[in-house]
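Read the structure below first, then the notes.
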Amino acid sequence: MKCRRGWLVLLLGLTLVRGLIYAAITPPWQAPDEWGHFEHVWLIAQLGRLPTPEDVSPIFERELMASLYEWRYDEFFGGPLPERMPARLMAIQPRTVLMQRFSLAYLWSACFLLPFRYQDLVFQLYVARLSSVVLNVVIVWLAWRIFEELLPRQPGLVVAMTAFMVFLPQHTFINASVGEGPLAELAAGVVLYGWLRLLRRERAWGVVAVLGGTLIGVWTKTTAVFLLPLDVLMSVLLLTSRYHGAAWRRRWKYLILSFVLIFLLGLVAFRTPSGQRVRTMLEQWWSAPQVHLENGGLSWNQVLWYTYDSFWAQFGWMNVRAGPGWYVLVYILTVWAIEGWVLPRSHCRLVSSQAKGVLGSALLLAVGVWLAFVLFTPSGLGYYQGRYLFPVTVPTALFLVGGWVRSMPERWQRYSAPGVVILLAALDAAAFCLALWPFFYTQ
């Protein structure tokens, strides 16, 4: 028990330290949509309420424009700034205030900003980044709890799978910047943990976790919308299997109650900003159904490759890539994990079939919802960013690390966990030292 607690403290400490390093090393405004999210957070902290498009601040815009020039925004991002600094921001993207796209994540970051709302703008940006780093520490802690739930007698694998969360370069980079992603990922993790607890008949805690996590997730970011079909699917599968031998009256009572709760949850969810966006997209597609396999020089198969690459490492505004050899190694590791599940060399049973069903369903639904958006919306092919799949990083860790372990012979099993941790740490160090640091500090 003490050994497990020591590993947990070490991994959480590494998460915090690495998050602070990424937050400090990444120049201001060099994360996707960061200044747009920060503007919303800044306005909430300044006004003490939710802002409207009429609340945009000329003072903020002037300070932001000056900061963009100071921190070489155009050189790093590749979009030239005018020679003479404009007095106002003209672009709408990624200004969520003008788009009226509220997220619960903004309230979390605004709480950190309140004591420092009169400080320099860049200083406030780093404070807002700190709020994301704190959420990432909680995400890793929750991942540890989920893996402990799945693998109570295999502490080495719990460490290895949690280490995947800690050392995934892009995951740390995004969760050390200002945005909606960390809170949406945390909410998705709470939902997964709730369903796993429901497997153990812990009804009250599990129901609260599932309903609360789903509502927070869809109120935070559209990438958490997959939680709604996941809740429906899990309700059917878990309740029918649990009461397989019970009386029909008892089985249908719980099924009807579950669907009523999920229906009410869906009504509330579709009134959130994310739900309204989904409803609008569905209505647009229904009026003119079309599949977009190519758009703007991008084809759907290229988008799949780019998305997978950026799930692992693609810093800045998706313009800072690791070397080709780094991604080749990632592809090899992915094939190795698949081979471990298809043709295992070890016959150890990692997790129960029910647990694999929960996490596997979450992974497939998240990918399916993202793929449907990419193919069925006119601009969908432009959203080739792996960060949209971070809400299912926990299932990804389970199946990748589990595949690596299953591919190893029995006599090597004792070395699998430390080997995985060393491998992941080396991959992270290579991406940081050979891509992120040189791009921003050796030009």
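What follows draws every value from the coordinates through simple rules; no lab data is involved. Keep in mind that this is a model prediction, so the values were computed, not measured. Counting neighbours? That spans all protein chains shown, and the Cβs are built from the backbone with ideal geometry, glycine included.
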Rounded to 0.05, the calculated FRET efficiency for the beta carbons of residue 63 and residue 442 at R₀ = 30 Å is 0.60
Suppose every K and R has +1 on its Cβ and every D and E has -1 on its Cβ; what is the size of the dipole of the range 2-441 about the Cα centre, in Debye to the nearest 20? 2160 debye
How many nm separate the modelled label positions at residue 3 and residue 119, each set 7 Å beyond the Cα in the direction of the Cβ? 4.2 nm
If I build a Gaussian network model for the chain, linking alpha-carbon pairs within less than 10 angstrom, which residue out of 360, 19, 213 has the largest mean-square fluctuation? 360
Kindly rank 223-231, 43-51 from highest to lowest mean number of other beta carbons found within 10 Å of each residue. 223-231, 43-51
GNM on the chain, C-alpha springs below 10 Å: top fluctuator among 169, 182, 289? 289
Calculated FRET value between residue 354 and residue 280, using beta carbons and R₀ = 41 Å, to 0.05: 0.70
Roughly how many nanometres apart are two label points built 7 Å out from the Cα toward the Cβ at residue 411 and residue 376? 5.3 nm
Between the range 92-158 and the range 404-443, the Cα center-to-center distance that results, in Å: 25 Å
Sorted by Cβ density within 10 Å, fewest first, the residues 103, 346, 352, 287: 287, 352, 346, 103
Highest-MSF residue in the chain out of 27, 155, 86 [GNM, Cα springs under 10 Å]: 86
Of 393-401, 409-417, ordering from highest average Cβ density within 10 Å down gives 393-401, 409-417
Would you mind ranking 222, 334 by Cβ crowding within 10 Å, fewest neighbours first? 334, 222
